[in-house]
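To start, I am sharing the structure in question, which I have written as structure tokens.
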Amino acid sequence: MKIAVLLKRVPDLVEDLVVDASGKALDADEVKLTLNEFDDHALEEALLLKESVGASVAAIALEGEDVDKMLFTALAKGADQAIKVTGVAPVERNLQLARVFAKVVEEGGYDLLLTGVQATDDRDGQVGAMVAALLERPFVSVVTSVLPEGEGVKILKEYAGGVMAEFEVSLPSVLGIQAARQAPRYAPVSKVRQVQQDSTLETVDCGAAEGMPGMSVVVMTPPERGEGAQMLDSVEEVIEVLASKGVI
């Protein structure tokens, strides 16, 4: 089984997010980037499959700031390949991005593509579904477990209210991972540095993505600050505040 995992760097939500002068994007000089947490879970699930059935795992990402380090870290965790997609003009629309990744996945002959269920910077979860549609492959998202089953995989999908459903999915297919079966493993800095010395990243030149219809940011602003919260210590205080506002 050949598995590909799509990785994306997103703004670190622990840090302050600063909007740039255009008012349409974050200031790249002020924002710290980190691996999307759902992609980290997708990589972990791929590595668990590798350990159970001997699958090969390829980590794939678009070129960009610190992407090399992210891909070397994936190798340090246990991935067999790290592929950096180059030659792609800045992509703003998900369909453009999906076409790029669909081309890489198809040419690589991967049986299973894992993506994070969504990215923390846009939270729309569209790219995986679009890649699946372009490749005409089955797609299931909000997946919390992937296990080998015959010539396909058996997965658990979570619905609202914590309801779980079990599916058997044929290969090749695309899955959006919400959570791996265990917490993503940690790669020590020393191991990442050793991998950087001993390994090389593969590159795939996909050329400029064609223009596609889609959404674009019109304006981005920080949230407005309110007057603050009032801390209440007892039920009596809650009742008093509600009564003063005419609620009860």
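Bear in mind that the values in this text are calculations on the coordinates, not laboratory data. Since we're looking at a predicted model, the values are computed, not measured. Because the Cβ atoms are built from the backbone with ideal geometry, glycine has one as well, and the counts that use them run over all protein chains shown.
What does the extension gain come out to for VAL247 and SER199, with contour length at 0.36 nm per residue minus their alpha carbon separation? Working shown, then result.
Details: separation 48, 0.36 × 48 = 17.28 nm, distance 6.54 nm.
Stretched fully, the VAL247-SER199 segment lengthens by 10.7 nm.
Translational diffusion coefficient of region 1-92 at 4 °C, 1.567 mPa s, Stokes-Einstein with Kirkwood Rh over Cα pairs, in µm²/s as a whole number. The partial results should precede the final answer.
Numbers: Rh = 14.4 Å.
It comes out at roughly 90 µm²/s.
Ranking request for peptides 162-169, 66-73: highest mean number of other beta-carbon atoms within 10 Å first, then the rest in descending order. Intermediate values should be presented prior to the final figure.
Numbers: 162-169: 11.5, 66-73: 19.6.
The most tightly packed comes first, giving 66-73, 162-169.
Let me ask something additional. Let me spell out the model: positive unit charges on the Cβ of Lys and Arg, negative unit charges on the Cβ of Asp and Glu, origin at the Cα centre of region 27-77. What dipole size does that give, in debye rounded to 20?
In total the dipole reaches around 400 debye.
Let me have the 222 nm mean residue ellipticity of the chain computed from DSSP H runs of 4+ only, each contributing -39500 (n - 2.57), with the sum over all residues rounded to the nearest 500.
When only DSSP H runs of four or more count, the value is -9000 deg cm²/dmol.
What residue among VAL100, VAL235, VAL174 has the largest mean-square fluctuation in a Gaussian network model of the chain, using Cα springs under 10 Å?
Its mean-square fluctuation being the largest, the pick is VAL235.
Moving to a separate point now. Determine the dipole magnitude for region 2-217: charges of +1 sit on the beta-carbon of Lys and Arg, -1 on that of Asp and Glu, nothing else is charged, the reference point is the Cα centre, and the result goes in debye to the nearest 20. List each step's numbers first, then the result.
Working: 20 positive and 35 negative charges, 85 e Å.
Charge dipole of region 2-217: 400 debye, to the nearest 20.
Share of antiparallel DSSP beta bridges in the chain, in percent to the nearest 5?
Numbers: 16 of 41 bridges.
Given both bridge residues lie in the chain, the antiparallel proportion sits at roughly 40 percent.
Moving on to the next point. Using Cα springs under 10 Å in a Gaussian network model of the chain, which residue among ALA229, ALA79, ALA98 shows the largest mean-square fluctuation?
Most flexible of the set in this elastic network: ALA229.
For region 134-196, what relative contact order do you get, as a whole percent, if you take Cα pairs closer than 8 Å and at least 6 residues apart? List each step's numbers first, then the result.
Working: 91 pairs, mean separation 21.3, N = 63.
Answer for region 134-196 is 34 percent.
Output the relative contact order of the chain, whole-number percent, from Cα pairs under 8 angstrom with separation of 6+ residues. Don't skip to the end; give the middle numbers.
Working: 463 pairs, mean separation 61.7, N = 248.
Averaging sequence separation for qualifying contacts and normalising by length gives 25 percent for the chain.
Note the full-extension length gain between LYS69 and GLU107 as 0.36 nm times their separation in residues minus their Cα-Cα distance, in nm to one decimal.
Working: separation 38, 0.36 × 38 = 13.68 nm, distance 2.44 nm.
In short, 11.2 nm is gained.
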